[in-house]
Amino acid sequence: MSEKKIILTGDRPTGRLHVGHYVGSLRRRVELQNSGEFDKIFIMIADAQALTDNAENPEKVRQNIVEVALDYLSVGIDPSKSNILIQSMIPELTELSFYYMNLVTVARLQRNPTVKSEIKMRNFEASIPVGFMCYPISQAADITAFKATTVPVGEDQEPMIEQTREIVRKFNSVYGDTLIEPDIMLPTDESCLRLPGTDGKAKMSKSLGNCIYLSEEPEDIEKKVKSMYTDPTHLKVSDPGKLEGNTVFTYLDAFAKDEHFAEFFPDYKNLQEMKDHYTRGGLGDMKVKKFLNNVLQATLEPIRAKRHEYEKDIPYVYEVLKKGTDAAREVAAETLHDVKESMKINYFDDAALIKEQMEKYNK
Ligand code: TRP
C-alpha cells in the first residue's frame, strides 16, 4: 500500500459557508495545502450527502454548489494544489457505499451520535429516510475512495471518522488489506472546535439567523456583532465580567491576534490583558464588541474582495470543479477496482475464475 499523505475533507452544499466553518476547518485546510506536506488534497462538495435530508429540495443543493466553491476559492483554496470535486459526479462512490453497507449493522448506525442528534434536530424521529440513515457509510466511501490518510474536520465529524475506521478494519479483515484507515485531524485550538452562534447557542444555523457568513457585507457584520450575546450579569461597566459562555470572547479567542491589538486597541498588548481587565471590572461590552467588529472586518474583507473577483468569472469556477472532479474520479475508480478485486467480484477480469470453473466441469 502507498505511504502517501492524502487529505480528503468536504462540506454539504446547503448554504454559504460561515465563520464557524472558517475557524473550524477552512483556515486549517489552506495552511495544510500550503505546507507542501501532502501529496494530494481532495475537497469535496458533498451534494449527494446534502440530498439525504433535502430530497424534496434539490434546487437548494444545486444553487449552493457554486456558493461553496466560491467560498473555497475566496479563502485561498488553490485549484493548482487542491482538487475541488462534486460528490455526485463520481458514481464510484455510490458503488463503494453499496458494498460497505453489508459491513455495518443497522444498530451501529442508530448509535452514531452525529446521526442521532441530526435526527432530533430535523424532527425525523419515526420517518427517517434510509439514505439519510446510511450517510455515514457513504462518507466512509468518500474517504476511502481517495485513499485518504488524513481527514481535517470539526469535532462534530468525529463519529463519522470512527465509523469509517471500523468499516476499513472490517473490510480489510474480511477481504484482505485493501483500504487505508484514515486519521482525523481536529482543530488544535480549543476555541476553534465549535464556534457558537452570535446568540450564544451552540450551533450556528441559517434558520436561527445566528451565523456570520464569510461573504457577509460590512454593515451586517457590525449589526450581528453589536447584537451578540455577552455576560448577562455584566450590567455596569465597573462590574466584573465573566468570560465563560461569553460569545464575544469566544469569537476573540478564535480570531484576535496580537497585531489586531496594536492596530485597533493599543490599550492592551494581547487578548489576555483585555480579558484580565474585563474580569476585574471596568471594561464595557461596547468596547469589546467594537474591537471584535474591527477584527472580523479585517479578517473577512480580503475574503469578500476575492469572492467578488471570482463571482465575475463563474465559468472559471465550473471549470475548476470539472477538473477537480475528473482528477478525483480517476483515483476513485482505481479504489473501486481494488475493492472488487479483493472481494473477487471482478468477474470479467479474473482469469483464475474462468480456469476454476473450467476445471470444475472438465475433470
Ligand atoms: N459530513 C460532512 C459535513 O456535514 C461533509 C462530508 C461529506 C465530509 N463527506 C465527507 C467531511 C468526507 C469529511 C470527509 O460537513
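We did not get these values from a lab; they are worked out from the coordinates using the rules stated. Source: prediction; values computed, not measured. Glycine also receives a Cβ, built like all others from the backbone with ideal geometry; neighbour counts cover every protein chain displayed.
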**Request:** Within region 237-299, list the GluC sites (Glu not before Pro) lying in a DSSP loop whose Cβ has at most 15 other Cβ atoms in a 10 Å radius.
**Result:** E244
**Filtered GluC sites (Glu not before Pro), region 113-191: DSSP coil and at most 10 other beta carbons within 10 Å** = E125
**Degrees separating the helix 91-100 axis from the principal Cα axis of the chain, which is the longest one** = 80
**Fill in**
Length-normalised contact order of the chain, Cα under 8 Å, at least 6 apart, in percent, tallies to 21
**Request:** State whether region 279-363 is rounded, prolate or oblate according to the following rule on the C-alpha gyration tensor (a ≥ b ≥ c being the square roots of its eigenvalues): a/c under 1.5 gives rounded; otherwise a/b larger than b/c gives prolate, and the remaining case gives oblate.
**Result:** oblate
**Item:** Fluctuation leader among G281, G241, G131 - the chain, Gaussian network, Cα springs under 10 angstrom
**Value:** G281
**Prompt:** Which shape class, rounded, prolate or oblate, goes with region 210-305 when its Cα gyration tensor gives a ≥ b ≥ c as root eigenvalues, a/c under 1.5 marks rounded, and past that a/b bigger than b/c marks prolate?
**Reply:** oblate
**Request:** Kindly write out, for region 149-166 in residue order, the coupling ³J(HN,Hα) from the Karplus curve 6.51 cos²θ - 1.76 cosθ + 1.60 (θ = phi - 60°), rounded to whole Hz, with x marking Gly and Pro.
**Result:** 9, 9, 10, x, 8, x, 4, 5, 8, 3, x, 5, 5, 4, 5, 4, 4, 4
**Item:** Restraint check, K206/K322; K4/K322; K340/K360, Cα-Cα greater than 26 Å
**Value:** K206/K322
**Complete:** Beyond 32 Å (Cα-Cα) in this structure, taken from K81/K201; K224/K275; K81/K287; K81/K116; K224/K312, we find K81/K201; K81/K287; K81/K116
**Item:** Amide hydrogen neighbours beyond the local backbone of G10, cut-off 5 Å, H modeled
**Value:** M44
**Prompt:** If one takes the longest principal axis of the Cα atoms in the chain, at what angle in degrees, from 0 to 90 and to the nearest 10, does the Cα axis of helix 135-145 lie?
**Reply:** 70
**Complete:** Quick shape check on the chain: root eigenvalues a ≥ b ≥ c of the Cα gyration tensor, a/c under 1.5 is rounded, otherwise prolate if a/b tops b/c, else oblate, and it reads prolate
**Fill in**
Non-local residues with an amide H under 5 Å from the amide H of M185, with H modelled 1.01 Å from N and Pro and chain starts lacking one, are V151, V153
**Complete:** Here, trypsin sites (Lys or Arg not before Pro) of region 245-279 satisfying both criteria (DSSP loop; at most 14 other Cβ within 10 Å) are K257, K269
**Asked** Cα axis of helix 351-361 to longest principal axis of the chain: angle in degrees, 0 to 90, nearest 10?
**Response** 40
**Prompt:** Comparing K312, K60, K224, which has the greatest mean-square fluctuation in the GNM of the chain with Cα pairs linked when under 10 Å apart?
**Reply:** K312
**Message:** Running a GNM on the chain with Cα contacts under 10 Å, which residue among L283, L296, L73 ends up with the highest mean-square fluctuation?
**Reply:** L283
**Message:** If you average the C-alpha positions of region 136-200 and of region 54-103 separately, how far apart do those two centres end up, in angstrom?
**Reply:** 16
**Message:** With θ taken as phi - 60° and the coefficients 6.51, -1.76 and 1.60, list the Karplus ³J(HN,Hα) couplings across region 332-346 in order, rounded to whole Hz; mark glycine and proline as x.
**Reply:** 4, 5, 4, 5, 4, 4, 4, 4, 5, 5, 5, 7, 6, 10, 9
**Item:** Antiparallel DSSP beta bridges within the chain, as percent of all bridges there, nearest 5
**Value:** 5
**Message:** Check which residues have an amide H placed less than 5 Å from H18's amide H, if you skip close sequence neighbours.
**Reply:** L214
**Message:** Quick check: pseudo-label points 7 Å beyond the Cα along Cα→Cβ at E3 and S207, how many nm apart are they?
**Reply:** 4.9
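From the helices alone, meaning DSSP H stretches of at least four residues, give me the mean residue ellipticity at 222 nm for the chain, per-run term -39500 (n - 2.57), in deg cm²/dmol to the nearest 500.
Roughly -16500 deg cm²/dmol at 222 nm, from the helical runs in the chain.
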**Qualifying aspartates and glutamates (Cα of each under 13 Å from Cα of K242; at least 8 residues distant if same chain)** = D231, D276, D285
**Prompt:** If you plug each phi of region 215-229 into the Karplus form 6.51 cos²θ - 1.76 cosθ + 1.60 with θ = phi - 60°, what whole-Hz ³J(HN,Hα) values come out, in order, with x for Gly and Pro?
**Reply:** 9, 4, 6, x, 5, 6, 4, 4, 4, 5, 5, 4, 8, 5, 6
